[in-house]
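Have a look at the structure below, then the notes.
Values in this text are rule-based calculations from the coordinates and carry no lab data. What you are looking at is a predicted structure, and each value in this text was computed from that prediction instead of being measured. Neighbour counts run over all protein chains shown; Cβ positions are idealised from the backbone, glycine included.
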Amino acid sequence: MLKGDEDKERREKYLGYYDTFWSGPNVRKELEAYAKADDDFRYEILQGFIPKPLVGKVTTGRGPPWKRSDTFFTDFKAHYPSERILHETDKSLIICNHASHDVRLYKEDIDPTGTDKSPAAGMSYMHLLVIPVARVYNAVALEDGDCIEEMREHFKTFWREPDSKEKIIAAINETMDRRYKEILTAYDKAEASAETSDATEGHNNPSEERRKHLEDVMVKCRQYASQCADLLRKMDQEYSDYMGFHPHPTTSVGHLHMHVLFMDRPEFRTNSTSAHDGKTIPARVVLQVINEKRNASDKNPDTKSR
């Protein structure tokens, strides 16, 4: 499919999400409540908040307990260590996707639950996120493109810095290693449990074989990551690859976040998930729709009372 045809298809899809969102009753009140961190407000349209069982808890090792109106990206600096932030301005942060890029670490033969969690993996070797510092909801909630423009320029500026690629590579490796440690910890707990024999009954890999299999897979994951890192280091200083959004209601985190990845470079996606490709809308298409809506609103002020 040609890029123009693809953009047209994505535009129609995003336009549908945008119009549906703004047709919801009291949507503006919900957006205002989220912006004010209103924990007492009853949100019926907005979604992607902290799961109810985690409200009141600290799950990241630092920061205040999660509130009902929080998302995993809300007030990011208060909840996560500074190492998770690759670059920042007073308006936005660049962070690495929490999930590893390598789908093999989420397959049923590796995942501690024995189920296939491939869609949880990243969408390409480099899968970064740019998030606003302020409480801003999903891309469909934007009425002007200023926030997106700032996030795009922020990433392009970061990409030009001489140490940006090494920071990205280090963050990707850390994410991969964190997933590896999570799996090992889960294996340890399962083996220490009195229910281990029941939980693993019928599994093809006894404990030692399962760990050996994980180590073999990790060797392959690290080899592939090293190859991708070499390719990344050779890329141009001007970033011209993919930036996009998952529009409400297809996103799992309500706070606005822009995906930065290599959507159109197969060499960086060999071992990543394609499960979310269909819902990923290019930033340029999102901006086009927002600007069209804004121009129409300027010509017809009555539409601003949505």
With each label point set 7 Å from Cα along the Cα-Cβ vector, what nm distance links E174 and D5?
4.3
If a/c stays under 1.5 just call it rounded; otherwise compare a/b with b/c (prolate if a/b is bigger, oblate if not). Do that for segment 113-183, with a ≥ b ≥ c from the square roots of the Cα gyration tensor eigenvalues.
oblate
What spacing in nm lies between the two simple spin-label points modelled at V58 and K91, each 7 Å away from Cα in the Cβ direction?
3.3
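Which whole-number percent of Cα pairs in segment 26-172 have a distance greater than 28 Å?
The answer is 29 percent, as a whole percent.
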Would you pull out the residues with amide H under 5 Å of D102's amide H, same chain only if 5 or more places away, H placed 1.01 Å from N?
G122
Taking R0 as 35 Å and r as the Cβ-Cβ distance between E108 and A37, the FRET efficiency 1/(1 + (r/R0)^6), rounded to the nearest 0.05, comes to 0.35
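Work out the P(r) tail for the chain: percent of alpha carbon pairs separated by more than 30 Å, whole number.
Details: 18205 of 46665 pairs.
That tail contains 39 percent of the Cα-Cα pairs.
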Report the net charge of residues surrounding F73, where surrounding means a beta-carbon distance below 13 angstrom and charges are Lys +1, Arg +1, Asp -1, Glu -1.
+1
Considering lysine pairs in segment 71-199 that are 8 or more places apart or on different chains, how many have Cα atoms under 25 Å apart?
18
Cα gyration tensor category, rounded, prolate or oblate, for segment 12-81 with a/c compared to 1.5
prolate
What share of all Cα pairs of segment 41-123, in percent, falls into each consecutive 10 Å distance bin?
15, 32, 39, 13, 0
